[in-house]
Amino acid sequence: MRSLGLLLLSLLFSLALAEGALRVLAALPAKEKAPAPAGDAVDAKDAAPDWALDDPVLGWVNKPGTGHPDEPGRVPMSFWPDGERASGPAPDKPAERRVLLLGCSFTEGFGVRDDETFAWRLNELYPDVRFENRGVAGYGTYQSLLLLERLLRQSHGQPPELVVYSFIGDHTKRNVASLKWLRNLKDSRGLFTVPPRVAVEGDGLATYPSGRIDYWPLERHSLLVGRLHDLWLRMSLADRDRQKIAATNRLLERMDREVREAGSHLLVAQLDDMPPETLAFMAQRNIATVDCIAPGYKSDPKYRVGGVGHPSGLRHSLWAECLQREFEAKRLL
């Protein structure tokens with residue numbers, strides 16, 4: 001009994017020593033970090049709660065009204081009653097021809113004025129077509145697909161003439177909810193928000209609903225418990241990163257199939273780097289794509305809001321021109 005007591009005391013002393021060491025290290029000055037890449041750190045739905053609403057299927061959606069992004073200038077973003085980003089003076093632009101624009105904050109226009117988004121510019125270029133900006137900050141391919149399925153159900157047999165899904169490299173990790181992405185989704189009710197995700201399973205995909213990763217007991221008060229939880233998450237979620245490209249490829253194939261079955265056409269617009277494996281996969285499956293990556297966009301501050309944030313109005317203008325060239329070259333509209 002005495003040896004057991006000594007063992008417990010030794011264990012408690014070791015834990016206290018480890019906790020104290022962690023607190024000392026945490027108090028040391030941290031190295032200055034480079035700015036987070038646009039489209040990564042500020043896409044978390046809790047980053048600007050006045051623009052997002054919880055959704056049981058999609059995780060979150062745009063909140064009708066006016067939202068303010070956590071970007072230089074905090075330029076107001078207008079959202080119509082159904083969550084569509086304002087892409088013209090009024091939501092009821094008369095047009096028999098419709099184009100859905102799907103994607104994340106790059107499509108939505110996070111940080112730029114309503115009339116600076118490439119959706120608004122396309123509406124100006126094509127007066128007889130209604131371009132609907134359905135981009136939602138933080139979305140990947142899977143959430144965009146879920147939104148597409150909802151919009152197709154609501155179309156009552158009148159699908160859009162064209163669906164443009166705008167891809168950025170971060171979508172691969174969002175599709176599988178990798179730990180690197182979850183760290184950007186802090187949740188006031190728990191540790192992380194977990195968006196809807198997929199996992200590769202055999203020749204198909206397993207789907208999982210949105211949820212939350214909660215704190216471990218004592219984690220809010222103990223750095224040691226927090227470090228142990230983080231280690232457990234890194235080990236248990238490691239396989240997600242290995243699956244992200246294969247999962248994304250299968251999602252793109254499914255999106256293309258569902259758009260075709262609805263009687264429409266899909267165009268995948270590359271707004272950021274796309275994995276070569278995904279490019280090859282789309283070529284094999286005859287999934288239409290267009291490269292709209294602006295040269296030098298990663299190093300030239302004029303392409304980013306405030307020089308450091310999301311894509312600027314200039315970059316949106318270049319995307320609109322790129323899409324216009326593709327529409328006309330392939331006679332898509």
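Quick note: the coordinates plus some simple rules give every number you see, no bench work behind them. Bear in mind the structure is a predicted one, so any value in this text is a computation, not a measurement. Positions of Cβ are backbone-derived with ideal geometry, glycine not excepted, and every protein chain shown enters the neighbour counts.
Numerical summary
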read-out	value
Dimensionless Rg ratio for the range 113-199, taking C-alpha atoms and the 2.2 N^0.38 Å reference	1.31
Kirkwood-based shape ratio for the range 273-333, expressed as Rg/Rh from alpha carbons	1.06
Pairs from 173/298; 186/298; 244/302 whose Cα-Cα separation, in the structure shown, is over 24 Å	186/298; 244/302
Simple label model, 7 Å out from Cα along Cβ direction - residue 242 to residue 150, nm	3.4 nm
